[in-house]
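J.: Structure incoming, see below.
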Amino acid sequence: MILGVLFALISAFCWGTASVLIKIGLRNKTPIIANLVRLLFSSLVYVVIFTIGGNFQEIVSMPLRYHIVAFISAQFGFVIGDYFYFSALKSLGVSRTVPITSTYPLWTLVWAYIFLGREITLRITIGALMIVLGIIIVRQAEVEEHVDPRGLLYAFLTPISWSMAIILMDWLSNRVSSLTLAGLRIIYAALGLTIASVKIIPEIKKVTIKEIAVISTAGVLGLVVAQYTFVSSVAMLGSQIATPITAINPIISTLLAILFLKEPPNWKIWISLGLVVSGIWLLTA
């Protein structure tokens, strides 16, 4: 139990740090190119790890349906969801995007209720209402600051896509080892995005060494370290417990954005963060 919680906290810290690095790497690049560089580099890291650890034997022996579920989960999480996330980051910034996208634990519980028959208690209802209120406050702050509405749409679509990926991953987590599942999803995501964006692959040549270093570092933190610890945490605790623990992610990324990106959040952003984090905590308290 303690190890599962620790892994979830490590995931949150890595994701929070990666969010800031991604924002830096996106300054002169499209979300698709940044995501493609990140996924390709992280996939290469996993291929090396799998070669050393012998994980390819497990991958070859997996039933076809496991591969299909892993592929679909990867597309929802790292291709579709992260495209929305990167687009929102570029439009809104870290401190305004993360409070909205951090509602993915709420959506995860919704899908778990619909597809897995999980019970929705009064505490979960109160937590959900707090999260919704936090989103409303963020939305009001963005309207007052004349933020691009497309950025808000991307931010709202992100957690829905992520949560679908998590539910599918949860189903696989007790059937496939954590390291293999984490790496396989990244490799399938890189494959899917490469196929979908084959026409713009030549643009990778325009990415500078510095941009590759920043985006690749974000990839290692968010897709290698965080994904392995998160998958391990889900396997130990279940998605309904592991996912909400990562709610400290918005606090980490917002503080880092304020410190290093000089993003000036107003008081409504802070209230929103408090409501979102408190609401998610209630969901599994």
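J.: With all protein chains present, calculate the accessible area of S177 using a 1.4 Å probe and round the result to the nearest 10 Å².
T.: Estimated to the nearest 10 Å², S177 gives 50 Å².
J.: If I require 30 Å or longer along the helix axis, counting alpha carbons, and a Kyte-Doolittle average no lower than -1.0, what helices from the chain are left? Use full DSSP H segments.
T.: Working: long enough: 2-25 (34 Å, 1.95); 31-53 (32 Å, 1.90); 122-144 (33 Å, 1.54); 149-173 (36 Å, 1.00).
What comes out of the filter, once short or polar helices are dropped, is 2-25, 31-53, 122-144, 149-173.
J.: To continue, here is another question. So how much slack lies between T208 and R123, counting 0.36 nm per residue of separation and subtracting their Cα-Cα distance, in nm? Could the numbers behind the result be given before it?
T.: Numbers: separation 85, 0.36 × 85 = 30.60 nm, distance 4.89 nm.
Gain on stretching T208 to R123: 25.7 nm.
J.: Going 7 Å from the Cα of L116 in the Cα-to-Cβ direction, what parts of the range 169-183 have a backbone nitrogen less than 13 Å from that spot?
T.: What the label zone holds, given the 13 Å backbone N cut-off, is 169-175.
J.: Continuing with the same structure: Suppose every K and R has +1 on its Cβ and every D and E has -1 on its Cβ; what is the size of the dipole of the chain about the Cα centre, in Debye to the nearest 20? Working shown, then result.
T.: Values: 19 positive and 11 negative charges, 87 e Å.
Dipole magnitude for the chain comes out near 420 debye.
J.: Just to verify a number: what accessible area does F230 come out at with the full protein assembly present, 1.4 Å probe, Å² rounded to tens?
T.: My reading of the accessible area for F230 is about 10 Å².
J.: Averaging over every viewing direction, what projected area does the convex hull of the Cα atoms of the range 9-48 cover, in nm²?
T.: Working: hull surface 12.5 nm².
Average projection, Cα convex hull of the range 9-48: 3.1 nm².
J.: Once both labels are modelled 7 Å past Cα along the beta-carbon direction, what's the W270-I201 spacing in nm?
T.: 4.9
J.: Quick check: residue separation of M62 and L133 times 0.36 nm, minus the Cα distance between them. What number comes out in nm? Intermediate values should be presented prior to the final figure.
T.: On the way: separation 71, 0.36 × 71 = 25.56 nm, distance 4.32 nm.
Between M62 and L133, full extension yields an extra 21.2 nm.
J.: Could you rank the peptides 77-89, 204-216, 50-62 by their average count of other C-beta atoms within 10 Å per residue, with the highest value first?
T.: Details: 77-89: 25.1, 204-216: 14.5, 50-62: 12.7.
Order by mean packing, descending: 77-89, 204-216, 50-62.
J.: Using a Cα distance threshold of under 15 Å, what count of lysine pairs results for the chain when pairs must be 8 or more residues apart or interchain? Could you put the intermediate results ahead of the total?
T.: On the way: K23/K90; K23/K210; K23/K262; K29/K90; K29/K205; K29/K206; K29/K210; K90/K262.
Qualifying lysine pairs in the chain: 8.
J.: In nm, to one decimal, how far is the N28 label point from the L259 one, both placed 7 Å along Cα→Cβ?
T.: 2.7
The values are calculated or read from the model by the stated rules, or taken from the named source; none is laboratory data. Being a predicted model, the structure only gives us computed values, none of them experimental. We place every Cβ from the backbone using ideal geometry, glycine too, and count neighbours over all the protein chains shown. Protein only, heavy atoms only, side chains kept; ligands, DNA and RNA dropped before computing areas. Shrake-Rupley method; radii C 1.70, N 1.55, O 1.52, S 1.80 Å.
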